[in-house]
Structure formats: structure tokens, C-alpha cells
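The values are calculated or read from the model by the stated rules, or taken from the named source; none is laboratory data. Quick caveat, the model's predicted, so the values are computed rather than measured. Note: ideal-geometry Cβ built from the backbone for every residue, glycine included; neighbour counts use all protein chains shown. Side chains are part of the model used for accessible areas, which takes the heavy atoms of the whole protein and leaves out ligands, DNA and RNA. Shrake-Rupley method; radii C 1.70, N 1.55, O 1.52, S 1.80 Å.
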Amino acid sequence: MTARTRQAIPTPPWIVLLMLLAAASVQATEEYALLQVAEPFIELHTGPGVGYPVFHVVDRDDFIEVLKRKTDWFKVRTPDGKRGWVARAQLEKTLTPDGENTHLQEPALGDFSQRRWEFGLLGGVFNNAPQISLYAGYAFNANLSAELSGSQVLGDYSSSYLFNVNLLSQPFPRWRVSPFFSLGGGYLSTQPRTTLVPPEDSNDLTAHVGLGLRTWLSRRFVLRAEFNRYITFSSDDNNKEFKEWKAGFAFFF
């Protein structure tokens with residue numbers, strides 16, 4: 001009779017890496033023209049949020065340069081080199097150098113079809129076990145993209161790590177609800193939970209085909225759902241098939 005001991009499962013390095021890539025992408029630079037303060041003053045915060053303290057104010061008629069955007073906050077630079085974050089509500093009350101009101105354009109459906117990078121977090125089921133996945137994708141054009149993904153599967157008797165490289169075809173990129181087809185390969189590593197007589201780990205190559213849907217929600221956010229069918233190529237020729245269902249949210253730029 002064997003006794004199983006559950007152990008805390010550390011966060012794999014690939015999850016940390018993809019999370020760092022996603023965080024970096026949120027802060028992608030966007031260039032804007034110089035803007036002139038039209039209100040009595042605007043406030044500069046030390047960070048992108050109302051919880052960050054105000055450390056400087058810019059007076060009326062002074063110009064500021066917008067460096068980048070993070071959700072509804074904009075990082076700006078003053079003529080004397082001070083850098084801080086301004087809320088969208090205040091920035092919309094500035095003027096362009098031509099004296100026109102500032103208009104901050106929101107990402108729209110057309111931007112979704114012209115995206116280059118996409119990052120997402122998905123949850124689902126792999127071989128009847130709960131799964132969490134992270135992915136990063138690059139679009140070569142509106143119809144074809146490549147993705148790198150990593151997943152952790154938490155079974156009752158083992159934990160598995162799945163790594164994939166995928167090619168995605170999106171035949172109708174301008175549809176708000178857009179189907180896609182995927183084809184790829186990867187690597188599945190299964191590590192049994194600790195027992196008195198621990199079995200050996202298994203490491204197998206995989207291939208899969210799948211289909212799914214992307215739905216543009218608003219701004220830079222996407223809802224994604226997909227189904228994939230896998231086959232694993234075992235060294236003992238005992239190939240197996242698995243099904244995967246997952247859904248979650250992504251953002252693009």
C-alpha cells in the first residue's frame with residue numbers, strides 16, 4: 001500500500017517569463033504630439049493611478065510631451081525634464097499646438113485586425129484535468145500568426161507541463177467574432193506526485209490541430225476560446241490522444 005504526499009508545486013520559470021513579457025508589452029510606447037495645458041494646471045503623479053501621490057503641477061499654457069500610455073494614464077515629460085503620469089480626464093482638456101482640443105483615439109476593431117503582438121491567459125481542461133495556460137503571439141499579417149505557449153496541468157496523481165509552438169490561420173480577421181484554425185507541435189513533460197516508490201517521469205513530443213474563436217471586446221482586450229486535439233509520440237510506441245478545452249482573455253497591440 002503506498003502513501004501519497006501532496007507537495008506545493010513551484011511556479012515554473014516559463015510562467016514567470018511569459019508574465020514578464022506580457023507586463024512589458026502593456027507599457028509599449030506610443031508617440032503623441034506636444035500638448036498645451038489649457039486648464040489652470042494639471043497634476044503629475046508618480047505612477048499610473050490615483051493611489052500614487054502628486055509630485056508636480058504643470059501650469060496653464062505650458063507644453064508637455066506624452067511619452068506612452070498605460071490604460072487611462074499617460075506618462076508625460078515637462079520642458080524642464082520632469083516625468084510623471086497624467087489621468088486621461090485631465091489630458092483630454094489640453095490643446096494641440098494648433099489650438100484644437102485633444103482627442104485621444106481608442107483602439108477599435110480595425111486595430112485588432114492589424115495587431116502585431118498578442119498575450120493571453122487561459123484556463124480549461126486537458127485530459128479531464130484542470131489546466132492554466134499563458135501564450136505570446138506575433139502576427140505576420142491579418143491572416144497568419146505564430147504563438148509560443150506554456151501550460152501547467154494539475155492531475156490527481158501527476159503534474160504535467162505542456163509547451164507548444166503554433167501556427168494560426170484567421171480567415172476573417174475583420175469580423176468581431178472571428179474563427180481561427182491552429183496547427184502545431186510541442187513537448188509534454190509529466191511528473192508523478194511523490195509516492196513511496198516514485199514512478200519515472202515521462203517526456204513526449206506532441207502534435208495537435210485545433211479550432212477556436214476570438215471576440216474583440218473593447219480597447220485592446222479579446223475573449224478567446226478554443227478546442228485542440230493532441231497526439232503524443234511515446235518512445236515505447238504507445239501513442240496517446242488527448243483533448244483540450246480552454247478559454248480566457250488576451251490583449252494586443
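Below is a table of values for the structure above.
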item	result
Residue count, the range 119-169 (criterion: surrounded by 15 or more Cβ atoms within 10 Å (Cβ to Cβ), aromatic (Phe, Trp, Tyr) and over 16 Å from the mean Cα position of the chain (by Cα))	3
Cβ pairs under 7 Å, 6+ apart, first in the range 228-239 and among the β-branched types (Val, Ile, Thr), second open to solvent by 80 Å² or more (accessible area, probe 1.4 Å)	Ile231/Glu241; Thr232/Lys240
Within the range 45-77, considering residues that are in contact with a Gly (Cβ under 8 Å, 6 or more places away or on another chain) and modelled with pLDDT of 90 or more, the one most open to solvent (accessible area, probe 1.4 Å)	Phe55
Residue in the range 233-242 that is outside any strand (DSSP E or B), more than 15 Å from Arg115 (Cβ to Cβ) and in contact with an Asp or Glu (Cβ under 6 Å, 6 or more places away or on another chain) present	yes
When residues of the range 212-228 are limited to those that are among the aliphatic types (A, V, I, L, M) and open to solvent by 30 Å² or more (accessible area, probe 1.4 Å), the one nearest to the chain's Cα centre (by Cα)	Leu223
Filtered residues of the range 166-190 (kept if modelled with pLDDT of 90 or more and in a loop (DSSP other than H, G, I, E, B))	Gln170, Pro171, Phe172
Every pair of residues 6+ apart whose Cβ atoms lie under 7 Å, when the first sits in the range 32-51 and is under 16 Å from Ala89 (Cβ atoms) while the second is part of a strand (DSSP E or B) and of a type in the set (D, E, K, R)	Val37/Asp59; Phe41/Asp59; Pro48/Lys70
Residues of the range 78-94 that turn out to be crowded, with 16+ Cβ neighbours inside 10 Å and out of contact with any Phe, Trp or Tyr (no Cβ under 7 Å at 6 or more places or on another chain), as a count	3
Single match in Leu67, Leu95 (criterion: touching a strand residue (DSSP E or B) at 6+ places or on another chain (Cβ under 7 Å), of a type outside the set (Asp, Glu) and under 24 Å from Arg219 (Cβ atoms))	Leu67
Leading residue by the ranking (modelled with the lowest pLDDT) among those in the range 191-201 that are polar (S, T, N, Q) and outside any loop (DSSP other than H, G, I, E, B)	Thr194
